[in-house]
1. Could you tell me how many cubic angstrom of Cα convex hull volume segment 1-58 has per residue?
2. Could you please report the charge total around Arg109, scoring K, R as +1 and D, E as -1 over all other residues with beta-carbon less than 13 angstrom from its beta-carbon?
3. For the chain, compute Rh as the Kirkwood radius over C-alpha pairs and then the Stokes-Einstein diffusion coefficient at 4 °C and 1.567 mPa s; write the answer in µm²/s, rounded to an integer.
4. Tyr76: accessible area at probe 1.4 Å, nearest 10 Å²?
5. Once amide H atoms are placed 1.01 Å from N in the peptide plane, what residues at a sequence separation of 5 or more from Leu130, or on another chain, have their amide H within under 5 Å of its amide H?
6. Whenever you get a sec, line up Met110, Met1 from highest to lowest accessible area (probe 1.4 Å, protein heavy atoms).
7. Whole-Hz Karplus ³J(HN,Hα) for segment 84-92, in order, using 6.51 cos²θ - 1.76 cosθ + 1.60 and θ = phi - 60°, x for Gly and Pro?
8. Scaled to the compact-protein estimate 2.2 N^0.38 Å, what is the alpha-carbon radius of gyration of segment 65-155, rounded to two decimal places?
Amino acid sequence: MDLNGGLCICGNRGCVETHFSSRAIESEYFAHIHRASPARLSIDQAGRVPTTAAIFQAAADNDPCARRVLEVAFEYLTGALVSFLHIFDPELLILGGNIAAAGPELLSRMEAQTVERTRILLGRDVPILLQKTIGYGGVAGAAGLIFLQQGLLTL
């Protein structure tokens, strides 16, 4: 996503993970706190930065730092999703993990931008759904693919 971006845990630079992940969101919010921006959340007594869930909630409560951090993070996620959809042309897209806690306001904007940027090439809207099974989404998705291939499940 960013050729000159930060080092990712995979060893590459500028991956989506460096811009849109719990670690990236929490780190960026910490940077706002460190620069003494008017952030509503703070570092706790043990020196821990606010969690992604707390940052999502702060954004919903109009914390300007949280809103800006998430706005930038969602721009990167949207760019990645648009590329993914253009390359693979899936029937639907299921988002999971901490993003499911982002709330409808943040997700609806990302969804609208994704639809707008993919509709011309794909000629249709790809439904974007949130994962319902928390914690085992990858396993459930893999099992679902097997069930689909065996004819035990239909969409």
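The values are calculated or read from the model by the stated rules, or taken from the named source; none is laboratory data. For clarity, every value in this text was computed on a predicted model and none was experimentally measured. Ideal geometry is used to build each Cβ from the backbone, glycine not excepted, and the neighbour counts take in all protein chains shown. Each accessible area value is taken on the protein alone, full model and side chains, heavy atoms only, with ligands, DNA and RNA left out. Shrake-Rupley method; radii C 1.70, N 1.55, O 1.52, S 1.80 Å.
1. Expressed per residue, the convex hull around the Cα atoms of segment 1-58 is 97 Å³.
2. The answer is -3.
3. 75
4. The accessible area comes out at roughly 70 Å².
5. Amide H neighbours of Leu130, under 5 Å, 5+ apart: Leu95.
6. Solvent-accessible surface, decreasing: Met1, Met110.
7. Karplus values, whole Hz, x for Gly and Pro: 4, 5, 5, 6, 9, 6, x, 6, 7.
8. That ratio works out to 1.19.
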